[in-house]
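Chemist: Before I ask anything, here is the structure I am working with.
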Amino acid sequence: MKITNVKTIVTCPGRNYVVVKIETDEGLSGVGDATLNGRELAVAEILKEHIAPLLHGKDPDQIEDIWQHIFRGSYWRGGPVLMTALAGIDMALWDIKAKKANLPLYSLLGGKSRDKVLCYTHVSGRDFAEVKENALKYMEQGYKALRFQVGIPGCKGTYGIENIDSNNLPFVEEWEPRPYLQTIPKLFEYLRAELGTDLEMLHDVHERLTPVEAKILAKELEPYQLFFLEDPLRPEHKESFRIIRQGAAIPIAMGELFNTKWDCLTLFEEQLIDYIRCDLSHIGGLTEAKKIANWAEVYHVKTAWHGPPDISPIAHLANVHLDLAVTNFGIQEQCAFAPEVRDVFSAQPLFNDGYLSVAEVPGLGCEVDEAAAAKYPYRRSYLPVSRRKDGTVQDW
Ligand code: GCO
Ligand code: MG
């Protein structure tokens, strides 16, 4: 089999998505997700101008070789733009391989280790009572795990709470550690009292704290037994996680900003985290994620792949196929998409009573309607920016 065409489809059914479609001389095609929120066109351009020409005539069966050729062969490697482009190619190749074998993708990844995968979704509110009301709606739907974020008093805009129209330029949020550190332990004290002890509770710090602040927060959250505390620190200096680890018995998750397996090195080897939550679309796809999962197993680290609404249903399906297969699965982040997404993408993971699964069809199980995609043209959009009250830029 030979690759005859590599298409890049940019579409905006509710929000921007970049899809790679690889076509072959045998009529089989595969799709992959190459969406990088706020940098969509940079990835699309790399795919069109620099990567697609390398693939024509190649055998799509040789996924590892194609992966290494794009990663190492072109000398310049890594970074979110390149690794997102590579992820799109990688997923599309796995899709083709599984379709050719006439098997669901999970089968090629080792087969099912479980029947369904535990998932969590995002719950937020401007205040504690609103968070609780929203949580009850999800619990009625069957969710057994929920991620909680709440508005921080005195701060304008809080991660995970508001969707403010910024006229196509980044909305500037305001954030201070002191009110944040005072609010979050009280939130979980309240939620445990109101919602009980069975529910799995999670929280995303979104890389905002210093190591000692994170240690203080982790310590204060100990009594509420979180499933995990996510992304307490910015991703660059991995040794900083030692400070949190020594200070509190609380599971730590990290990884959505990582771009290669080497980002996991210190965190795994020193057992500084409990859950690895790379984004399959930003880490070079299933090939790299499978290696990371297998490597994590050695260090008692479980998987919790990134699953926000800013990557497409193709990536969410890839997550669940891998979740079904690896032995050290932990939990899967899940989200609701805009209704228009169904016009473009034929499938999403199946939700039932707090768990996800996939349809028993060959491949990843998703086709992209190119005519529908064209009806939703790209719209420039940015992630918000976060600043301290004195104006200093910090992690959003
Ligand atoms: C999560 C993430 C997202 C990111 C988003 C950025 O845990 O789901 O933190 O909410 O903020 O993916 O584009
Ligand atoms: Mg996160």
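Chemist: Restricting region 185-211 to residues that are closer than 26 Å to Pro384 by Cβ and without any contact (Cβ under 8 Å) to a residue 40 or more places away in the chain, which is nearest to ligand 2 (Cβ to nearest atom)?
Modeler: For region 185-211, the residue satisfying everything is Val205.
Chemist: Take Glu200 and decide whether it is within 16 Å of ligand 1 (Cβ to nearest atom), within 23 Å of the chain's Cα centre (by Cα) and surrounded by fewer than 20 Cβ atoms within 10 Å (Cβ to Cβ).
Modeler: Details: within 16 Å of ligand 1 (Cβ to nearest atom): yes; within 23 Å of the chain's Cα centre (by Cα): yes; surrounded by fewer than 20 Cβ atoms within 10 Å (Cβ to Cβ): yes.
It is true that Glu200 is within 16 Å of ligand 1 (Cβ to nearest atom), within 23 Å of the chain's Cα centre (by Cα) and surrounded by fewer than 20 Cβ atoms within 10 Å (Cβ to Cβ).
Chemist: Which of the residues spanning region 105-123 are crowded, with 22+ Cβ neighbours inside 10 Å and more than 30 Å from Asn134 (Cα to Cα)? Outline the logic, then answer.
Modeler: Taking region 105-123 first, the residues crowded, with 22+ Cβ neighbours inside 10 Å are 105-106, 109, 117, 119-120, 123.
Scanning region 105-123 gives Leu105, Tyr106, Leu109.
Chemist: Quick one: in region 206-221, of everything that is over 16 Å from the mean Cα position of the chain (by Cα) and either part of a strand (DSSP E or B) or farther than 12 Å from Ile244 by Cβ (or both), which residue is nearest to ligand 1 (Cβ to nearest atom)? Spell out how you get there, then give the answer.
Modeler: Restricting attention to region 206-221, the residues satisfying the condition of being over 16 Å from the mean Cα position of the chain (by Cα) are 208-221.
Keeping just the survivors that are either part of a strand (DSSP E or B) or farther than 12 Å from Ile244 by Cβ (or both) gives 208, 220.
Working: Arg208: 11, Glu220: 21 Å.
For region 206-221, the residue satisfying everything is Arg208.
Chemist: Identify, from the list Arg242, Arg208, the residue that is charged (D, E, K, R) and over 25 Å from Met83 (Cα atoms).
Modeler: On the way: Arg208 fails: over 25 Å from Met83 (Cα atoms).
Among Arg242, Arg208, only Arg242 is charged (D, E, K, R) and over 25 Å from Met83 (Cα atoms).
Chemist: Looking at (1) crowded, with 20+ Cβ neighbours inside 10 Å; (2) under 18 Å from the mean Cα position of the chain (by Cα), find the lone condition where Ile66 falls short.
Modeler: Among (1) crowded, with 20+ Cβ neighbours inside 10 Å; (2) under 18 Å from the mean Cα position of the chain (by Cα), the lone unmet condition for Ile66 is (2).
Table: residues versus (1) more than 16 Å from ligand 1 (Cβ to nearest atom); (2) of a type in the set (Gly, Ala, Ser).
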residue: Ala87; (1), (2): no, yes
residue: Ser113; (1), (2): yes, yes
residue: Tyr120; (1), (2): no, no
residue: Ala129; (1), (2): yes, yes
residue: Lys132; (1), (2): yes, no
residue: Gly154; (1), (2): yes, yes
residue: Gly157; (1), (2): no, yes
residue: Tyr180; (1), (2): no, no
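Chemist: When the residues of region 326-382 are narrowed to those that are among the acidic types (Asp, Glu) and not in a loop (DSSP other than H, G, I, E, B), which ends up surrounded by the fewest Cβ atoms within 10 Å (Cβ to Cβ)? Walk me through how you get there before you give the answer.
Modeler: Step one: filter region 326-382 for residues among the acidic types (Asp, Glu), giving 333, 340, 343, 353, 360, 367, 369-370.
Next cut, not in a loop (DSSP other than H, G, I, E, B) only: 333, 343, 370.
Values: Glu333: 24, Asp343: 17, Glu370: 13.
Step by step, filter region 326-382, then rank; the result is Glu370.
Chemist: Shifting gears a bit: Of His56, His69, which residue is more than 21 Å from Ala373 (Cα to Cα) and touching a Ser or Thr at 6+ places or on another chain (Cβ under 8 Å)? Even if it seems obvious, please write down each step before you answer.
Modeler: Working: His69 fails: touching a Ser or Thr at 6+ places or on another chain (Cβ under 8 Å).
None of the other options fit; the residue is His56.
Chemist: From Ile89, Ile22, grab the single residue that is buried (at least 24 other Cβ atoms within 10 Å of the Cβ) and farther than 16 Å from Thr287 by Cα. Break it down into steps so the answer makes sense when it comes.
Modeler: Details: Ile89 fails: farther than 16 Å from Thr287 by Cα.
From the options Ile89, Ile22, the qualifying one is Ile22.
Chemist: Give me a count of the residues in region 209-237 that are farther than 20 Å from Val393 by Cβ and surrounded by fewer than 17 Cβ atoms within 10 Å (Cβ to Cβ). Don't jump to the end; show me each part of the working.
Modeler: Going through region 209-237, the residues farther than 20 Å from Val393 by Cβ turn out to be 212, 215-230.
If we keep only those that are surrounded by fewer than 17 Cβ atoms within 10 Å (Cβ to Cβ) too, we end up with 212, 219, 222-223, 225.
The number of residues fulfilling the criteria is 5.
Quick grid of which residues meet (1) surrounded by 18 or more Cβ atoms within 10 Å (Cβ to Cβ); (2) among the charged types (D, E, K, R):
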residue: Glu239; (1), (2): no, yes
residue: Phe258; (1), (2): yes, no
residue: Cys264; (1), (2): yes, no
residue: Phe268; (1), (2): yes, no
residue: Asp274; (1), (2): yes, yes
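Chemist: Now for a separate question. Only one of (1) in contact with a strand residue (DSSP E or B) (Cβ under 8 Å, 6 or more places away or on another chain); (2) under 29 Å from Gly110 (Cα atoms); (3) touching a residue at least 12 places away in the same chain (Cβ under 8 Å); (4) away from ligand 1 (no atom under 14 Å from the Cβ) fails for Trp305. Which number is that?
Modeler: (4)
Chemist: Then there is this: Could you give every pair whose Cβ atoms fall below 7 Å, whose first residue belongs to region 218-247 and is farther than 25 Å from Leu118 by Cβ, and whose second residue is away from ligand 2 (no atom under 16 Å from the Cβ) and of a type in the set (Val, Ile, Thr), counting only separations of at least 6 or pairs across chains?
Modeler: Cβ pairs passing all conditions: Lys238/Thr266; Glu239/Thr266; Ile243/Val212.
Chemist: Take the residues of region 222-254 that are within 16 Å of Thr183 (Cα to Cα) and assigned to a helix (DSSP H, G or I): which is farthest from ligand 2 (Cβ to nearest atom)? Reasoning before the result, please.
Modeler: Applying the first criterion (within 16 Å of Thr183 (Cα to Cα)) to region 222-254 yields 222-224, 226, 229, 232.
The next check asks that each one be assigned to a helix (DSSP H, G or I); those that pass are 222-224.
Values: Glu222: 21, Pro223: 23, Tyr224: 19 Å.
Going through the qualifying residues, I end up with Pro223.
Chemist: Exactly one condition in (1) under 20 Å from Ala289 (Cα atoms); (2) within 21 Å of the chain's Cα centre (by Cα); (3) surrounded by 16 or more Cβ atoms within 10 Å (Cβ to Cβ) is not met by Gly79; state its number.
Modeler: The single condition Gly79 does not satisfy is (3).
Chemist: Name the residues in region 255-290 that are in a loop (DSSP other than H, G, I, E, B), at negative phi and over 11 Å from the mean Cα position of the chain (by Cα), would you? Break it down into steps so the answer makes sense when it comes.
Modeler: Residues of region 255-290 in a loop (DSSP other than H, G, I, E, B): 255-260, 270-274, 277-285.
With at negative phi added as a condition, the list becomes 256-260, 270, 272-274, 277-283.
Asn259, Thr260, Glu270, Leu272, Ile273, Asp274, listed by residue number.
Chemist: Kindly state which strands (runs of 3 or more DSSP E) lie completely within region 109-175 and contain at least 2 residues that are free of Cβ contacts under 8 Å to residues at least 60 places away in the same chain, within 16 Å of ligand 2 (Cβ to nearest atom) and closer than 14 Å to Phe188 by Cα. Quick ask: steps written out before the conclusion?
Modeler: On the way: elements: 117-125, 145-150, 172-174.
Qualifying strands (runs of 3 or more DSSP E): 117-125, 145-150.
Chemist: Tell me which residues, restricted to region 1-45, are touching a helix residue (DSSP H, G or I) at 6+ places or on another chain (Cβ under 6 Å) and either within 16 Å of ligand 2 (Cβ to nearest atom) or more than 20 Å from Gly307 (Cβ to Cβ) (or both).
Modeler: Ile3, Val6, Thr8, Ile9, Val10, Ile22, Leu28, Gly30, Leu36, Ala42
Chemist: Could you figure out which of (1) in contact (Cβ under 8 Å) with a residue 60 or more places away in the chain; (2) within 26 Å of Leu103 (Cβ to Cβ); (3) of a type in the set (A, V, I, L, M, F, W, C) isn't true of Ile292?
Modeler: Here Ile292 clears every test but (1).
Where a number appears in this text, it was derived from the coordinates with a stated rule and is not lab data. Just so it is clear, the structure is predicted and the values come from calculations on it, not from any experiment. We place every Cβ from the backbone using ideal geometry, glycine too, and count neighbours over all the protein chains shown.
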